[in-house]
Every structure is written in C-alpha cells, then in structure tokens.
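**Student:** One structure coming up, written as structure tokens, with questions to follow.
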Amino acid sequence: MTTTTGVATTEPDTGAYTTGSSSETGFDPPPPGGAYFLDVTAEVGIDHVQGEWNTSPDCIVDAPAVDKVGHFCTVEWQTGGVAAGDYDGDGRVDLFFPRVYGANLLYRNNGDGTFSERGAEAGLDLDAHSAGAAWGDIDNDGDLDLYVTAVGGTRHYLFINDGAGGFSEQGEARGAALSSADVHTGTTPSFGDYDLDGYLDVYVGEYRTHFALGDTPSHSRLLRNLGADAPGSFEDVTDAAGVNIDAVWKYVETEFPIGGTLALTPMFSDLDGDDYPELLIAADFSTSRLFWNNGDGTFTDGTLDAGVGTDENGMGAAVGDFDNDADLDWLVTSISGVAGKTGNHLYRYEGARLFSDATDFAGVREGDWGWGVAFLDHDLDGDLDVVMTNGWNASNNLFDAMRFWDNAGDGAMVEISAEVGTLDDGQGRGLVTLDHDADGDLDIVVVNFAASPIFYRNEQTTQRGWLEVQAVGTLSNRDGRGARVTVRATADGPPQLREIGSASYMGHGELTAHFGLKDHRGPVAEVRVYWPASGIEQVLLDVPQGERLVVTESP
C-alpha cells in the first residue's frame with residue numbers, strides 16, 4: 001500500500017446551511033436531531049407519472065404466475081427506478097427515471113434547486129418498458145454512461161456518453177445487451193470493479209419464474225469489462241466466475257418455493273476488507289446470496305456459513321457502517337406483517353467473514369412490504385440513519401407508510417417518520433439520496449409505481465458541520481467506485497467510514513461520500529481515501545468543512 005499526504009481540492013459551498021423555525025415549517029415540536037424533509041416535488045420541476053397499473057390480460061408479460069393463472073404482472077408492478085449522476089460534468093447531480101410505460105426521462109439539474117427534463121435532447125427517451133438503471137463511466141473517458149434494464153423485450157440497453165450531453169445506444173456492439181429469444185424481466189443493474197483492473201464491470205439482475213416463463217436460463221448475469229483491450233466492452237463470465245444463481249431455489253427451505261431466478265438488488269461491496277468487492281444479491285423467496293470474492297476472478301457462495309440470507313423475501317438493500325465500528329454491514333428489506341414473514345434483516349459484520357443478526361438491536365425489522373432503502377446521516381450528527389419505502393398490490397399493503405429510523409449513535413434506532421415528514425404511502429419502489437442543491441445535507445427521491453415520484457428536500461434547523469468527498473480514479477475506475485473514505489473530525493476522534501458506489505433498488509444514489517460532523521466547527525483533522533485497485537492511500541490533513549472535497553487518485 002502506498003500512502004501519500006497532501007492537500008485537498010474543494011468545490012465551494014454553494015448552499016450553506018438551511019435554517020428555519022419549526023413553526024414556519026409546521027414541525028412543532030422540532031423534529032429529533034433538528035432535521036426534517038419537505039415534499040418539494042412540484043417546486044423542483046419533477047412532474048411525471050411512473051408507470052400504469054394494469055392487470056391481466058393487459059400486462060407487459062402476460063403469462064401464468066404461480067398463484068394467479070394467466071397473470072404475471074409482478075415484473076411490471078415491481079418497477080420504478082431512479083439513478084442519480086452528473087451526466088454533463090457541470091458539477092451538479094442529475095436524475096434519470098426509467099419508465100415501464102412511457103419514454104425514459106432525464107432531469108438536468110439547473111443549479112438553482114430545480115430540474116429540467118432533457119431526455120429527448122440527450123437521446124435517452126427510449127420507450128421500451130424500462131425497469132432499472134445505473135450510471136457508470138465504463139470506458140474511463142471522464143463522463144458517465146448509462147445501463148438500462150427492460151421487461152417484456154429480448155434485450156437490455158447501454159447508452160454511451162459522447163461527452164457533449166448526448167448518448168448513443170451501443171448495447172449490442174459492446175456485448176452488454178444480453179440479447180436472447182427469451183423474454184427479459186430485468187431488475188437492478190449494478191456497477192463495480194470486481195477484478196480490480198481499473199474498469200467497471202456490471203451485474204444485471206432479473207426476476208423470472210419457471211412457472212411463468214419456462215425453465216430457461218435467466219439473464220441474471222455478470223459481465224466483465226474487457227478493460228484496456230476494449231474499454232467499455234463486455235463478456236459474460238457468470239459461469240466461469242461461479243455466480244450463476246439459476247439453481248439456488250432448489251437448495252433453500254421455504255414454505256412457498258418458487259422455481260426461478262429472483263435477483264432484485266445486486267451490489268458490489270468489499271465486506272471482508274481484502275480489497276476485492278463481494279457480490280451481494282438481495283433476492284426473493286429465501287434466495288438472497290453473498291458471494292465472497294476469491295481475488296482470482298472467481299467467487300465462492302458463502303451465504304450459509306456467513307450467517308446471512310435469512311430474509312424470506314429480499315428486495316431492497318443497502319451497505320453502510322451503521323454502528324461506526326469501521327466495517328460495513330448489509331441491510332436487506334423484506335416483508336413484515338404477513339404470517340411467516342420476519343421483516344427486514346440487518347446483518348452486522350463481525351469479522352472473519354461472519355455476520356450477526358442485528359435487526360432487533362437496531363429496531364429496523366418492521367417495514368411492511370419493503371423495497372428501496374438507504375443509509376444516510378440526515379441530521380449531520382455523525383452516524384448513519386435509515387430510510388425505506390414500501391407497498392404492494394395486496395389489500396393490506398396498498399398504503400404502506402414509509403419508515404425512517406434515527407440512529408442514537410450506537411446503532412440502535414428509533415422510528416421517526418412522522419416527526420421528520422417522510423410520510424409517503426404510495427407504492428414505493430426505488431429510493432436514492434443525493435445533495436441536489438449542494439447545501440451539505442442529503443435529500444431523498446422516492447419512486448412510486450403508477451404515481452408521481454416524491455422529492456424530499458432536507459431542511460436543517462441545526463448548524464452542524466459537514467463534508468462531502470468525491471473520488472476520481474486514474475489508475476482505478478474513474479467513478480471511484482469501491483474507494484473507501486474515512487474521516488476524523490479531530491485527530492483523536494472516532495472514524496467515520498463510507499464506501500463509494502453501492503447500488504440501490506433499481507438504481508443508485510449520488511457517487512459521493514457524505515459525512516456529518518455534528519458540533520465540530522473547525523477544519524476536518526484527517527480524510528483518508530483508499531483505492532483498492534492500486535493500493536494507494538491518500539491522507540489529507542486540516543481539510544475545510546462545508547465543502548465538497550475532490551480527491552484525484554495519485555501516488
């Protein structure tokens with residue numbers, strides 16, 4: 001490992017702190033932690049509807065399901081993605097919404113807290129029953145490309161950024177479309193550099209049952225970037241890498257076994273600290289999987305031995321250090337309130353490739369019919385809170401209210417959705433966080449199926465400090481995905497750890513590491529950025545707070 005010490009490049013604080021009294025905002029008494037959320041969807045310019053609620057025989061994939069003959073609307077009912085990323089390189093995070101009905105939408109950030117829709121202008125207004133999406137600089141040319149999964153067709157899509165705000169679709173040419181004669185029912189695409197060659201690979205999820213679509217191979221596949229030989233082109237290495245999950249359902253015990261491949265939220269994250277990212281897959285009907293990265297291009301299924309995969313209906317997922325012990329934990333949303341269902345599961349990493357179940361300790365089990373979820377420090381107090389969305393086409397889950405858990409500092413949490421204003425009870429699916437107005441706190445976007453998304457702007461009544469870190473790779477992937485950022489507000493203070501780049505359900509949030517500094521008002525004593533692909537660790541001292549720190553990989 002090479003360690004360097006240097007100074008920081010920062011972007012100016014363009015938003016400062018937002019303050020206001022609880023009486024002005026309707027929060028009385030003030031919310032816990034002094035932070036709350038306002039629904040500003042119309043104000044920021046987001047005005048579309050996400051999908052249509054159709055039933056058999058008008059589903060996109062109108063095939064028999066297990067319990068409802070002649071009806072496989074599941075694959076469209078579970079759609080509703082969103083991906084946050086700066087596609088035009090202007091330093092402001094934009095939003096892409098894939099839509100299962102209607103053209104895809106690209107909302108460009110105007111820099112004044114609002115967005116303008118530019119999908120057609122950018123060449124991204126595809127109307128192909130789109131499901132999930134992920135931004136990623138697959139060719140390391142300095143701009144974000146876009147992978148989009150679809151349902152009902154026979155391929156997926158890869159849009160290449162031309163560097164001038166436009167895109168061209170090149171999925172077939174680059175080996176990423178996964179074309180076949182079988183119907184595709186795509187879910188979440190997830191980028192990560194699993195072989196540490198400095199180029200982004202992609203895992204593509206799919207939800208298909210044999211009863212509905214036949215006993216055919218799934219399109220839930222691992223695509224390896226060919227790297228320096230052909231930057232941004234891919235080969236299917238699923239079988240060679242040992243991550244084919246098509247037969248997993250045969251080896252699990254569940255009261256309602258369904259044959260098929262049911263991967264909903266795959267993601268890459270280095271859980272054991274050996275630099276090589278694991279492949280985590282939140283999947284339905286007891287088929288969630290943890291594949292340990294062997295470091296030689298292959299993986300080993302360690303689900304049972306690690307003590308994970310006990311969620312009956314894994315759907316959404318997030319990775320973060322919820323207990324501030326300097327390692328990463330895995331949260332999987334599932335179903336509660338239904339007989340035989342044990343709700344969300346929070347797997348706490350204990351070291352030596354072992355996890356304990358910290359769900360009840362953290363108090364995050366009860367989330368109804370869970371989907372998208374994220375860790376975030378909403379009140380800038382230095383620990384990670386949890387927000388999730390939920391809902392389903394079932395009589396008891398038509399109006400599930402969102403959940404928001406505030407971290408007490410040791411990982412134990414209290415549910416405060418009503419107190420902070422995250423009250424959406426629509427058919428929530430995707431959920432991401434981003435700092436759209438550059439004011440140092442994280443906002444939330446929730447995608448509701450067959451309804452409008454909700455944009456929650458974070459409002460602070462605190463004067464707490466913050467720091468955001470963007471990692472730009474040179475030897476590593478340019479996105480900085482997989483980079484580990486550790487911050488100490490004071491020289492002898494506790495460390496905060498973030499890993500850049502994990503996926504979320506049907507999309508992902510902004511590619512930055514965000515830190516709350518609580519009551520610390522001076523410079524940040526130490527920022528460490530570790531790059532697994534190169535082994536370089538950069539240490540920056542006395543970093544100004546209240547800014548976005550841009551760290552470019554350098555020996």
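The values are calculated or read from the model by the stated rules, or taken from the named source; none is laboratory data. Given the structure is predicted, the values throughout are model-derived calculations rather than measurements. All Cβ positions, glycine included, derive from the backbone under ideal geometry; neighbour counts span all protein chains shown. Calculation scope for accessible area: heavy atoms of the full protein, side chains included, ligands and nucleic acids excluded. Shrake-Rupley method; radii C 1.70, N 1.55, O 1.52, S 1.80 Å.
**Student:** MET413: accessible area at probe 1.4 Å, nearest 10 Å²?
**Tutor:** Estimated to the nearest 10 Å², MET413 gives 20 Å².
**Student:** Just read off the accessible area of ARG174 with the full protein assembly in place, 1.4 Å probe, to the nearest 10 Å².
**Tutor:** Looks like 40 Å² after rounding.
**Student:** Now for a different question. If you take every residue apart from VAL148 with its C-beta less than 13 Å away from the C-beta of VAL148, what net charge results, scoring Lys and Arg +1 and Asp and Glu -1?
**Tutor:** It works out to a net charge of -2.
**Student:** Here is a follow-up. Solvent-accessible area per residue for the chain at a 1.4 Å probe radius, Å²?
**Tutor:** Per-residue accessible area for the chain comes out at 33 Å².
**Student:** By the gyration tensor of its Cα atoms, with a ≥ b ≥ c the square roots of the eigenvalues, what is the shape of the stretch 28-165: rounded for a/c under 1.5, prolate for a/b over b/c, or oblate?
**Tutor:** oblate
**Student:** Of the heavy-atom accessible surface of the chain (probe 1.4 angstrom), what whole percent is carbon and sulfur? Intermediate results must be reported in sequence, preceding the final value.
**Tutor:** On the way: 8910 of 18230 Å².
It is 49 percent, rounded to a whole number.
**Student:** Moving on. Between ASP201 and residues 5 or more places away or on another chain, which pairs have amide H atoms under 5 Å apart, with H built 1.01 Å from N, and which residues are they?
**Tutor:** Residues meeting the criterion, in which the H sits 1.01 Å from N, are GLY192, ASP193, TYR194, ASN225.
**Student:** Let me have the 222 nm mean residue ellipticity of the chain computed from DSSP H runs of 4+ only, each contributing -39500 (n - 2.57), with the sum over all residues rounded to the nearest 500.
**Tutor:** Numbers: 9 runs with 36 residues, N = 555.
Theoretical 222 nm ellipticity from helices: -1000 deg cm²/dmol.
**Student:** Would you mind checking which residues have amide H under 5 Å from ASP327's amide H? H placed 1.01 Å from N; only 5 or more apart, or other chain.
**Tutor:** Sorted by chain and number, the residues that satisfy this come to none at all.
**Student:** Residue by residue through the stretch 142-149, which ³J(HN,Hα) values in whole Hz follow from phi under the Karplus form 6.51 cos²θ - 1.76 cosθ + 1.60 (θ = phi - 60°), with glycine and proline marked x?
**Tutor:** Per residue, the Karplus-derived 3J(HN,Hα) values read x, 9, 8, 9, 9, 9, 10, 8 Hz.
**Student:** Give a residue-ordered list of calculated ³J(HN,Hα) values for the stretch 488-496 (Karplus: 6.51 cos²θ - 1.76 cosθ + 1.60, θ = phi - 60°; whole Hz; x for Gly, Pro).
**Tutor:** With the stated coefficients, the stretch 488-496 comes to 10, 5, 10, 4, 9, x, x, x, 10 Hz.
**Student:** Accessible area of PHE399, 1.4 Å probe, to the nearest 10 Å²?
**Tutor:** About 150 Å², rounded to the nearest 10.
**Student:** Please give the Cα centre distance for the stretch 410-479 versus the stretch 124-146, rounded to the nearest Å.
**Tutor:** Between the Cα centre of the stretch 410-479 and that of the stretch 124-146, the gap is 21 Å.
**Student:** Which of rounded, prolate or oblate describes the stretch 204-285 when judged by the alpha-carbon gyration tensor and an a/c cut-off of 1.5?
**Tutor:** oblate
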